[in-house]
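Scroll down for the structure; my scribbles are underneath it.
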Amino acid sequence: MELDNLLARITIDPEICNGKPTLRRKRITAQTILEFLSAGESREEILRQYPSLETEDIDACLAFAAWLMGRSYVVKMTA
């Protein structure tokens, strides 16, 4: 699936999950899916736990994370 189509699955709405990136305006955050993946959960298990999701939603979370890592960041040290 094309990158733009994947990223279109990620929605940001201040009224949903406090503005965190979610999947297709559902109350499932991209962060939640990424945390499951980083903990070693399989795609099949994630889809079983969230039956309203599609395989492309998981792909979208990964593409979104990669897209974010391609941006510039400034880290400021605080006390």
- Note on the structure: Of the residues in the range 50-64 that are in contact (Cβ under 8 Å) with a residue 12 or more places away in the chain and more than 9 Å from the chain's Cα centre (by Cα), the one that is nearest to Arg9 (Cα to Cα) is Glu56
- Query: What are the pairs, 6+ residues apart or on separate chains, where a residue within the range 1-22 that is without any contact (Cβ under 8 Å) to a residue 24 or more places away in the chain and under 16 Å from Leu34 (Cα atoms) has its Cβ under 7 Å from a residue that is charged (D, E, K, R) and surrounded by 12 or more Cβ atoms within 10 Å (Cβ to Cβ)?
  - Reply: Thr11/Arg24; Thr11/Arg25
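Does Arg71 satisfy being of a type in the set (Lys, Arg), touching a Ser or Thr at 6+ places or on another chain (Cβ under 9 Å) and either part of a loop (DSSP other than H, G, I, E, B) or touching a residue at least 40 places away in the same chain (Cβ under 8 Å) (or both)? Don't jump to the end; show me each part of the working.
Numbers: of a type in the set (Lys, Arg): yes; touching a Ser or Thr at 6+ places or on another chain (Cβ under 9 Å): no; either part of a loop (DSSP other than H, G, I, E, B) or touching a residue at least 40 places away in the same chain (Cβ under 8 Å) (or both): yes.
No; evaluated as a whole, the condition is false for this residue.
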- Could you say whether any residue in the range 62-74 is exposed (fewer than 10 other Cβ atoms within 10 Å of the Cβ), at pLDDT 95 or above and not polar (S, T, N, Q)? no
- Looking at the range 1-32, which of its residues are part of a loop (DSSP other than H, G, I, E, B) and aliphatic (A, V, I, L, M)? Met1, Ala8, Ile12, Ile16, Ile28
- Could you list all residues from the range 12-51 that are in contact with a strand residue (DSSP E or B) (Cβ under 7 Å, 6 or more places away or on another chain) and surrounded by fewer than 17 Cβ atoms within 10 Å (Cβ to Cβ)? Ile16, Lys20, Arg24, Arg25
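The values are calculated or read from the model by the stated rules, or taken from the named source; none is laboratory data. Being a predicted model, the structure only gives us computed values, none of them experimental. We place every Cβ from the backbone using ideal geometry, glycine too, and count neighbours over all the protein chains shown.
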